[in-house]
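Here the structure is laid out as structure tokens; the discussion comes afterwards.
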Amino acid sequence: MISTLSGRVTHIGEHSLTLEVAGVGYEVNAPVPLLAEAHSGQSLSLHTYLVVRETELTLYGFFTRDDRQLFEMLLGVNGVGPRLALAILSNLSLKAIRGAVGGKQPEVLSSVSGVGSKTAQKIVLHLADKITPMDGDGLLPGLHPGDNQLLEALTGLGYSVVEAQAAMQSLPDDAPDALEERLKLALRSFSK
């Protein structure tokens, strides 16, 4: 197995980048946050996972070993393949995934395109004994009872889960309980 690759970025695509190592260009599929930070000419070291299929070899790359391990754990869930696992890691931070699993909140995972409610529940059950929330984890500190609905509303408007979480964290402690008011306040944070 190819565990790590270190080289120079020569191309960045929508879902992958090309990493030149000793004169050989490796196409590495990667989560969106990694692709957003990478730039051509940059020296980069990635933790990789090689998927071997009958007709192809596909590399997946991650900044940290923890991200790669989570990718591998997601692959262990029935119904989750490499593309879906990569989509989850593209839309949710490691902290958010740990918080969703620890807080038994499959709706956070089902907010990712392609993850249905049954698959989200399988992920939570499968990962429950494999990852544990760390101090400071949790979807949001001081989760308000209506925040699951607020998260759904924001993601339904086209914001990513990460953007929605950031907007929800910007809500003042004395924010009203009504969903409509909390939504208005969260939307205001995007205009700042």
Q) Cα axis of helix 117-127 to longest principal axis of the chain: angle in degrees, 0 to 90, nearest 10? A) 70
(Q) Taking all protein chains in place and a 1.4 Å probe, what share, in percent, of the accessible surface of the chain do carbon and sulfur account for? (A) 49
**Q.** Unit Cα scatterers, Debye sum, the stretch 34-140: log10 I(q)/I(0) for q = 0.11, 0.17, 0.22 Å⁻¹
**A.** -0.35, -0.81, -1.22
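Which shape class applies to the chain: rounded if a/c is under 1.5, otherwise prolate when a/b exceeds b/c and oblate if not, where a ≥ b ≥ c are the square roots of the Cα gyration tensor eigenvalues? Intermediate results must be reported in sequence, preceding the final value.
Working: a/c = 2.41, a/b = 1.68, b/c = 1.43.
Cα axes put the chain in the prolate bin.
Could you rank the peptides 40-51, 84-95 by their average count of other C-beta atoms within 10 Å per residue, with the highest value first?
Details: 40-51: 15.4, 84-95: 20.6.
Ranked from most to least packed, the peptides come out as 84-95, 40-51.
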Q) What is the projected area of the convex hull of the Cα atoms of the stretch 14-69, averaged over all directions, in nm²? A) 4.4
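If each residue of separation counts as 0.36 nm, what is the full-extension length gain between VAL24 and ASP129 once their alpha-carbon separation is subtracted? Please report the intermediate quantities before stating the final value.
Numbers: separation 105, 0.36 × 105 = 37.80 nm, distance 3.99 nm.
Extra length from VAL24 to ASP129 when fully extended: 33.8 nm.
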Q: Run down the lysines and flag those whose C-alpha is under 23 Å from the C-alpha of LYS184, throwing out any fewer than 8 positions away in its chain.
A: LYS192
Q | Å² per residue, accessible surface of the chain at 1.4 Å | A | 54
Q: Between SER160 and THR64, take the C-beta separation as r, use R0 = 25 Å, and let me know the FRET efficiency to the nearest 0.05.
A: 0.80
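The values are calculated or read from the model by the stated rules, or taken from the named source; none is laboratory data. Just so you know, these numbers come straight off a predicted model, no measurement behind them. Cβ atoms come from the backbone with ideal geometry, glycine included; neighbour counts cover every protein chain shown. All accessible areas refer to the heavy atoms of the entire protein, side chains included, with ligands and DNA or RNA removed. Shrake-Rupley method; radii C 1.70, N 1.55, O 1.52, S 1.80 Å.
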